[in-house]
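K.L.:
Before I ask anything, here is the structure I am working with.
The values are calculated or read from the model by the stated rules, or taken from the named source; none is laboratory data. None of these values were measured; they are calculated from a predicted model. Neighbour counts run over all protein chains shown; Cβ positions are idealised from the backbone, glycine included. Only protein heavy atoms, including side chains, enter the accessible area calculation; ligands, DNA and RNA are left aside. Shrake-Rupley method; radii C 1.70, N 1.55, O 1.52, S 1.80 Å.
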Amino acid sequence: MKLLYAEDEAAMAEAVVDVLTYHHYLVDHVADGEEALAYARAGDYDGIILDVMLPKQDGLAVLETLREEGNHTPVLLLTARSGVEDRIRGLDLGADDYLIKPFAMGELLARVRAMLRRREDYTPTVLSFGDLSLDQATHRLSCGEQGETLPRMEYRLMEVLLRNQGIYLSSEDLLVKVWGYDTEVEVGTVWVHISALRKRLAALGSHVTLKAKRGVGYTLEVSG
Ligand code: CA
């Protein structure tokens, strides 16, 4: 599960990132509202933890813009104890939940889990294309009777490709969507995973191939 976390207080942010990472979430941390918006637009997040008081653009403005743009990623707002109006406004703007600062880490984790569970209620658990289906709960990629559970990053790559059917994604797009905006992973890693996915599709006997167009990018295609 990949989370975006917007918080400008450095010590607080570090502690929260540590806890979330320890609990196996992939976390992109940003420290102002403009960055939060840019990351939320570019990345493919399962959830966003958004502090209301942020420099450049506050969390409510970020939330409002995202919802106006049709981005429905679940949002957990972090608000000050005195911020009753922020909370009401945030929920009206489409926040999923809020948490009052200061909070206990256990409470944050519980809210994050609840937010992600609700998201799963609304999204299909199986993505499909041609003769392929990918189960988002078990990470199993199937073609007819054949199937295999994908390693984590290969799963993320396949998920992004399935969610962007008919669209060519460049290696750089895939790098950002799968590994995150500020990853230190190099583009060569994307190619390695593409090659692994191609072998897997062939081994499953699927008619779906991962097509590459020079200078444009990659997309799934049904052949034969
Ligand atoms: Ca803040």
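K.L.:
Which aspartates and glutamates have a Cα less than 19 Å from the Cα of K101, not counting those fewer than 8 places away in the same chain?
P.N.:
E7, D8, E9, E14, D18, D32, D51, D58, E85, D86
K.L.:
Roughly how many Å² is the accessible area per residue of the chain, as a whole number, for a 1.4 Å probe?
P.N.:
50 Å²
K.L.:
Next up: Can you give me the long-range amide H partners of D97? Hydrogens built in the peptide plane at 1.01 Å from N, cutoff under 5 Å, separation of 5 or more residues or another chain.
P.N.:
For D97, whose amide H was placed from the backbone, the distant partners under 5 Å are V75, L77.
K.L.:
Another one. Quick check for me: using +1 on Lys/Arg Cβ and -1 on Asp/Glu Cβ, what's the dipole size of the range 2-120 about its Cα centre, in debye to the nearest 20? Display every interim value, and only then the final one.
P.N.:
Values: 13 positive and 23 negative charges, 98 e Å.
Using only the charged Cβ atoms, the result is roughly 460 debye.
K.L.:
Here is a follow-up. Could you work out the Kirkwood radius for the range 2-120, taking every pair of different alpha carbons, averaging 1/r and inverting it, reported in Å?
P.N.:
Numbers: mean 1/r = 0.0721 Å⁻¹.
Evaluated on the range 2-120, it is 13.9 Å.
K.L.:
Mind checking the dipole of the chain: about its Cα centre, +1 per Lys or Arg Cβ, -1 per Asp or Glu Cβ, Debye to the nearest 20? List each step's numbers first, then the result.
P.N.:
Numbers: 24 positive and 36 negative charges, 182 e Å.
Around 880 debye, computed over the chain.
K.L.:
Further question: Over the range 126-222, what is the relative contact order in whole percent, taking alpha-carbon pairs under 8 Å and six or more residues apart?
P.N.:
Details: 131 pairs, mean separation 27.8, N = 97.
The normalised contact order for the range 126-222 reaches 29 percent.
K.L.:
Now for a different question. Under 26 Å between alpha carbons, and skipping anything fewer than 8 positions from K177 in its own chain: which lysines qualify?
P.N.:
Qualifying lysines at Cα under 26 Å: K2, K56, K199, K211, K213.
K.L.:
Specify which residue in the list Y98, L20, V185 is farthest towards the positive end of the charge dipole of the chain, using unit charges on the beta carbon of Lys, Arg (+1) and Asp, Glu (-1), about the Cα centre.
P.N.:
V185
K.L.:
When the chain is fully extended, how far beyond the present Cα-Cα distance does D131 get from M105, taking 0.36 nm per residue of separation? Provide the component values of the computation, followed by the final result.
P.N.:
Numbers: separation 26, 0.36 × 26 = 9.36 nm, distance 4.32 nm.
Here the segment from D131 to M105 would lengthen by 5.0 nm.
K.L.:
Mind pulling up the Rg/Rh value for the chain? Radius of gyration and Kirkwood radius, both on Cα.
P.N.:
1.01
K.L.:
Using a simple spin-label model with points 7 Å from Cα along the Cα→Cβ vector, what separation in nm is obtained for T138 and E85?
P.N.:
In this crude spin-label approximation the distance works out to 5.2 nm.
K.L.:
Convert each backbone phi in the range 19-29 into a coupling constant with the Karplus relation 6.51 cos²θ - 1.76 cosθ + 1.60 (shift: θ = phi - 60°), then list the ³J(HN,Hα) values in order as whole Hz, x for Gly and Pro.
P.N.:
5, 5, 5, 4, 8, 6, 8, 8, 10, 9, 9
K.L.:
Using the alpha-carbon atoms, what tilt in degrees (0 to 90, nearest 10) does helix 105-122 show relative to the longest principal axis of the chain?
P.N.:
50 degrees
K.L.:
Just how far, in whole angstrom, is the range 31-50 from the range 141-193 if you go by their alpha carbon centroids?
P.N.:
So the two Cα centres are separated by 20 Å.
K.L.:
With each run of n ≥ 4 DSSP H residues scored as -39500 (n - 2.57), what mean residue ellipticity at 222 nm is computed for the chain after dividing by its residue count and rounding to the nearest 500 deg cm²/dmol?
P.N.:
On the way: 8 runs with 95 residues, N = 224.
Mean residue ellipticity, 222 nm, calculated: -13000 deg cm²/dmol.
K.L.:
Right, another one. How long is the gain from D92 to V216 if the chain were fully straight, where each residue apart is worth 0.36 nm and the alpha carbon distance is subtracted? If you can, show how the numbers build up before the last one.
P.N.:
Working: separation 124, 0.36 × 124 = 44.64 nm, distance 4.01 nm.
Fully extending the segment from D92 to V216 adds 40.6 nm.
K.L.:
Something else: When the Debye formula is applied to the Cα atoms of the range 126-222, each taken as the same point scatterer, what base-10 log of I(q)/I(0) results at q = 0.19 Å⁻¹?
P.N.:
-0.87
K.L.:
I would also like to ask the following. Relative contact order for the chain using alpha-carbon pairs under 8 Å, separation at least 6, rounded to a whole percent? Numbers along the way, then the final one.
P.N.:
Numbers: 354 pairs, mean separation 32.2, N = 224.
Relative CO of the chain lands at 14 percent.
K.L.:
Is the shape of the range 76-138 rounded, prolate or oblate, going by the alpha carbon gyration tensor and its root eigenvalues a ≥ b ≥ c, with a/c under 1.5 for rounded and a/b larger than b/c for prolate?
P.N.:
Details: a/c = 5.62, a/b = 2.29, b/c = 2.46.
Verdict is oblate for the range 76-138.
K.L.:
What are the GluC sites (Glu not before Pro) within the range 136-224 that DSSP puts in a loop, where the Cβ has at most 15 other Cβ atoms within 10 Å? Write out the running numbers ahead of the final one.
P.N.:
On the way: sites: E145, E148, E154, E159, E172, E184, E186, E221; in loops: E145, E184, E186.
Those satisfying the criteria are E145, E184, E186.
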